[in-house]
Amino acid sequence: MPDIMHLFKFAVPRAQAYQAIATADGVRKWWTSDADLEAFAGGQGEFRFYGGQSVHKVNVVESVSPERIVWDVRESFRQEWVGTNIVFSLRPDDNGTELLFAHRGFLKADEAYALFTTGWGIYLASLKEHLEKGQGTPR
């Protein structure tokens, strides 16, 4: 199964990067401004786009501050996402934090997969802008 993977470095402490990914307030500043997310293992999240017409629902499988967040996608407007998992691994770096991002479990690498790969790159760049400059570009 193909996986989407990205590596980003942020000039901020891991705890700051973790909060931006693991909390609803954080996610609203770089991914979608219409989000709910429980910041603990066993919690749930809902990320809404286009006025709530497009929704991803996740279970929070892991939330280990400041190291790792894992979401399992249980419902999605993109059928290809259902059953996948999204992993944010945060490691210390000489200049702050290194994020190893993975969206795992796609059935095939097709045009939709290419679109998701590009989309995650754009939103992770938004996360970097939010963390380092105080302003991301969420949907």
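The values are calculated or read from the model by the stated rules, or taken from the named source; none is laboratory data. Since this is a predicted model, take the numbers as computed values, not measurements. FYI the Cβ positions are ideal-geometry reconstructions off the backbone, even for glycines, and counts take in every protein chain you see. Remember, those area values only see protein heavy atoms, side chains included, never the ligands or the DNA or RNA. Shrake-Rupley method; radii C 1.70, N 1.55, O 1.52, S 1.80 Å.
Scanning the chain for chymotrypsin sites (Phe, Trp or Tyr not before Pro) in DSSP loops with at most 15 neighbouring Cβ atoms within 10 Å leaves 78-139 as the longest stretch between them.
Which percent of the accessible heavy-atom area of the range 1-84 goes to carbon and sulfur, probe 1.4 angstrom? Whole-percent figure for carbon plus sulfur exposure: 48. A value for Rg and Dmax of the Cα atoms in Å was derived from the coordinates, and within the list [x] 13.7, 38; [y] 23.0, 84; [z] 13.9, 42 it appears as [z].
In the full protein context, the range 60-127 carries 48 Å² of accessible surface per residue, based on a 1.4 Å probe and ignoring ligands, DNA and RNA.
Of all lysines in the structure, those lying under 27 Å Cα to Cα from Lys29, and not within fewer than 8 positions of it along the same chain, are Lys9, Lys57, Lys128, Lys133. 3J(HN,Hα) along the range 79-96, derived from phi through the Karplus expression 6.51 cos²θ - 1.76 cosθ + 1.60 where θ = phi - 60°, amounts to 3, 4, 7, 4, x, 8, 10, 10, 10, 10, 10, 10, 10, x, 9, 3, 9, x Hz, with x in place of Gly and Pro. The lysines whose alpha-carbon is closer than 16 Å to the alpha-carbon of Lys108, local same-chain residues fewer than 8 away aside, do not include any residue. Note on the chain: with charges restricted to the Cβ of Lys and Arg (+1) and Asp and Glu (-1), its dipole about the Cα centre is near 140 debye.
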